[in-house]
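See below for the structure under consideration.
Every number here is computed from the coordinates shown, using simple stated rules; none is lab data. Note that the coordinates shown come from a computational prediction; the quantities given were computed from them, not determined experimentally. Backbone-built Cβ (ideal geometry, glycine too); neighbour counts: all protein chains shown.
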Amino acid sequence: MSHVASTTSTTNYLNHHKGIMSWVYTLDHKRIGIMYFVTVMTMFLIGGIFALGIRLHLAKFGAEAFITADTYNKFMTYHGAIMVFMVIVPGIPAFLGNFFLPIQIGAKDVAFPRLNLASYYLFLIGMAISLTSLFYNKVDTGWTFYTPYSTLSTSNGVIFLVLGVFVMGFSSILTGLNFFVTTHKMRAPGMGMDKIPLFVWALYSTAIIQILATPVLAITLFLLIAEKTLGVGIFDPALGGDPVLFQHFFWFYSHPAVYIMILPAMGIISELITTFSKKTIFGYRAIAYSSVAIAAVSFLVWGHHMFVSGQSTLAGVIFSFITMLVGVPTAIKLFNWIATMHKGTVSFESPMLFALGFMFLFTIGGLTGVFLAASGLDIHFHDTYFVVAHFHYVMVGGTLMALMGGIFYWFPKMFGKNISDTLGRYSWVFIFTGFNVTFFPQFILGQFGMPRRYFDYLPEYTSLNQISTVGSWLIGIGFLIGLYAVIKGLVSGTQAADNPWGGKTLEWQTSSPPPHENFDKTPVITAGPYDYR
Amino acid sequence: MEIIINYGLYFIAIFCVLTPVLAFGIFAPGIASTTVFAFIANWAGQFLDLSKEGKIKEIPFSNIFKQDVHADDDSPMWIDNAKPDSHEHHVISTKTYIIVFLSLIVGTIITVFVANFDFGSMNMVIAMLVATAKASLVLLYFMHLKYDNMMNRVIFLSGFFFLLLIFAFTMGDIVSRILPTAGY
Amino acid sequence: MTTASKSEKKFHHAHHFDSAEHQYSSSKQGIWLFLCTEILMFGGLFVGYLIYHSLYPEVFHQGSHMLNKTLGAFNTVVLLFSSLTMALAISYVQTGKRKAATWAMLVTILCACTFMVVKYFEYAHKFHDGLLPGRYFTNLELAEVKNAAMFFSFYFVMTGLHGVHVVVGAALIFWVMIKNIRGNVGPEYFTPVEGVGLFWHVVDLVWIYLFPLLYLVG
């Protein structure tokens, strides 16, 4: 293991160039990552407000409904679209990935820094276009824009939202392209693919999915806009089209997309578990290859979103079978993490709490996914709150937990200041408890048959809905505590050491915050990434 | 007196009409467009500006993207100081290109010719085969894949492979769902 | 006659790369990845086309009869020729033949313009005959063919998107041509030329498949 002594960093990437224009035109992947952080977290706040609105309505605390049915449809659409396209898909790759991928492989920057900046601006432009639909003609189709409702019946706001997502898709493609080439071409001397950290393996697999799947989303959305404006009729039965074709095309992207959301999160967990167990990761190769396997198999399972769409039974059977297979690599990772902790020196700082929370919540989410994969069961569960609970367990309980863990873990490195561990623990308690209180009842509701995306429900579901709403407030408090911790750390955090957690990956071998070109001298690698002895 | 009033009225009327018409209708747009076009021409002209030596000057905004210079720093990280590697780039000869082009033309002729006959369901297959043959020529020679490394080939061909995936599964659904009921 | 030496002193590889070769191979890989995404994007349209073709063979058969095969074939030859000139342009840049490269690129752009002009005439003819996509379809000849508009929906979306790529490609070739004129590319740095050339070849590739599928097999 080779590392360079870090100089006391009076110059680092934050003060290397000064002034707002140096941020607007920056080519530094670290600054671009920070900009993504701010943008994504802002959108998370907005999407979260829609969520709180939904839950407030569904709690039926008052005699009058909180919002009308139309407004409810719009709330749930924007909650979904914002969270999926503007928070979770870019979330970890564009923020922590941009910041740490080059550092963890010992590079000075990503392969195409200008493309990186272009990705960020495309993201902003796409966001702006999408959000104009909020002011023009709000969309109420749900984030999946199913035809024929989105093409024939609903307002033209769909065009703006979809166009914005189209542009954000290109941001995603270019980020993926950048990461792929960076991982292949920019590794430091001595770092073979078998020595890159698992976070890099995860980002690499994510990049493959981004490159291969997102173009299909692009053409799907393009066809949707064409259908709406030119009436091309590809999805319109009256003109000979097939609405289910839209679903095929849409889910060909959107299923791999959910793996874009979760793979980087799993990469972070691998890093956290190994650092806070002070032990080399168990099964490095298995975890690495399982990331690639998940990326590959994810392209074969999209039909499990369409079991009741009218697709043929044959297709249903095939998709069901392959979906069962895709859970296997994930389970491999989980068992490897547990084995890593076994006989390690485990400490429970807040990043580790988030990692453990991930393991618990993602297991539940993942297992319920297997229930849904069985097409027979899915007929009962489809479009109920069971599905809603499932994907929130994996996306919030999974990705967002990992994101919080990553923030608390890498905060000292990114900003050179310490973040309060106590606040982190409080945040975790509220998020973890609140999350379970919100979403576990939804499994039960779904099992009883309460449909999703409905603004009203049968009276017998009321008490569980109310419990769920109280949970949503706890989650909100948890994330607000997290926000407070971040701001407090930025404003008044104490000076951070170069390696506060005793990590072995390359980012801990340079100063906090890192210098402009990441390292004072290009590192030469002689050992694996988790070389604890 | 009446002449003045009569002709004066004409004069006033013409003057009061012509002035705004000329001013707003002709001069102002003229001035505005000239300004805009001159602005554009000036802006574009900076790209064609020649410096003293007769070489084109730098693009104005390019210094945003300028990288740092480390002429005074000896550490091995700044490999700017290293000498450029010699590398051979296989250059395909003009003759080869022309032969490939002629083959493509032949392929096109074949495609059109064969389209005049009806082979039933084989129509599509034959057309795709010929198209794929032409595409392969373009890929191997024009796009240089024959002399390129394996990674680039894998990258590009994986695109086709995944396309095949979406086609296979979706077609599978269509074939087993719609075709049987549509009576084809 | 080689004018290679002018660009030699100007080119300096970007900072985060180890060498010019490193930058070149990384850029190439990046471009191939982008082309892969283009294939997948157009591919989605092809998948849709093939599906509806198998569902409504009659619609596609009749529809393609309304297209002008001669113009389509002419356009194919134009694009193939432009691919040749682009490939030649790249090899001229690589061997330092700057003027020849400029001419080759100019010819490529002219071919692109020719393609678009022919396209314009084809589209004008369709508009005139009411052969329009989806709900705008008003043609009387095909009135008894149910869902005839479907063919034209695909025709316009596919050739339209392809046309956009032709125009963008022509603009990119123009940009690279300016670089060549100024001596910013040469035998030791020709990555932008090659990249744009690869993009142009993909545009040609798409047309190689579009032509038989729309004009002939229908």
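Computed values, structure above
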{"item": "Calculated on alpha-carbon atoms, Rg and Dmax of chain A in Å", "result": "22.7, 70"}
{"item": "Phi to ³J(HN,Hα) by Karplus 6.51 cos²θ - 1.76 cosθ + 1.60 over the range C:132-140, Hz, x for Gly, Pro", "result": "10, x, x, 6, 8, 6, 10, 5, 8"}
{"item": "Quotient of C-alpha Rg and 2.2 N^0.38 Å, computed over the range A:377-528", "result": "1.41"}
{"item": "For chain C, built as a Gaussian network whose Cα springs stay under 10 Å, the top-fluctuating residue of C:Phe121, C:Phe81, C:Phe17", "result": "C:Phe17"}
{"item": "At most 15 other Cβ within 10 Å, DSSP loop - chymotrypsin sites (Phe, Trp or Tyr not before Pro), the range A:198-283", "result": "none"}
{"item": "Helix axis angle, A:243-277 relative to chain A longest principal axis, alpha carbon, degrees", "result": "30"}
{"item": "GluC sites (Glu not before Pro) restricted to DSSP loop in the range C:93-202 with at most 13 other C-beta within 10 Å", "result": "C:Glu141, C:Glu144"}
{"item": "Potential extension, A:Glu64-A:Lys18 segment - 0.36 nm per residue separation minus Cα distance", "result": "11.2 nm"}
{"item": "Shielding score for A:221-230, defined as the mean number of other chain Cβ atoms within 10 Å", "result": "3"}
{"item": "Links that overshoot a 23 Å alpha carbon limit, given the list C:Lys97/C:Lys119; A:Lys30/A:Lys333; A:Lys195/A:Lys278; A:Lys108/A:Lys333", "result": "C:Lys97/C:Lys119; A:Lys30/A:Lys333; A:Lys108/A:Lys333"}
{"item": "Overall dimensions of the protein assembly as shown by Cα: Rg and Dmax, Å", "result": "30.3, 119"}
{"item": "Estimated translational D of the range A:20-153 in µm²/s (Stokes, Kirkwood radius over Cα pairs; 4 °C; 1.567 mPa s)", "result": "78"}
{"item": "Exposure proxy ranking, count of Cβ atoms within 10 Å, fewest first, for A:Val181, B:Val130", "result": "B:Val130, A:Val181"}
{"item": "The range A:379-417 versus the range A:474-533: alpha-carbon centroid distance in Å", "result": "21"}
{"item": "Cα Rg, Dmax, the range A:23-79, angstrom units", "result": "17.2, 55"}
{"item": "Other-chain or far-sequence residues with amide H under 5 Å of A:Thr384's (modelled H)", "result": "A:Arg452"}
{"item": "Globularity ratio of the range A:297-430, using Cα Rg and 2.2 N^0.38 Å", "result": "1.29"}
{"item": "Principal-axis tilt of helix A:401-415 within chain A, Cα atoms, nearest 10 degrees", "result": "30"}
{"item": "Cα centroid separation, the range A:142-204 to the range A:42-119 (Å)", "result": "14"}
{"item": "Base-10 log of normalised Debye intensity for chain C (one unit scatterer per alpha-carbon) at q = 0.11 Å⁻¹", "result": "-0.61"}
{"item": "The range A:248-309: Cα Rg divided by the 2.2 N^0.38 Å rule of thumb", "result": "1.41"}
{"item": "Other-chain or far-sequence residues with amide H under 5 Å of A:Lys417's (modelled H)", "result": "A:Ala496"}
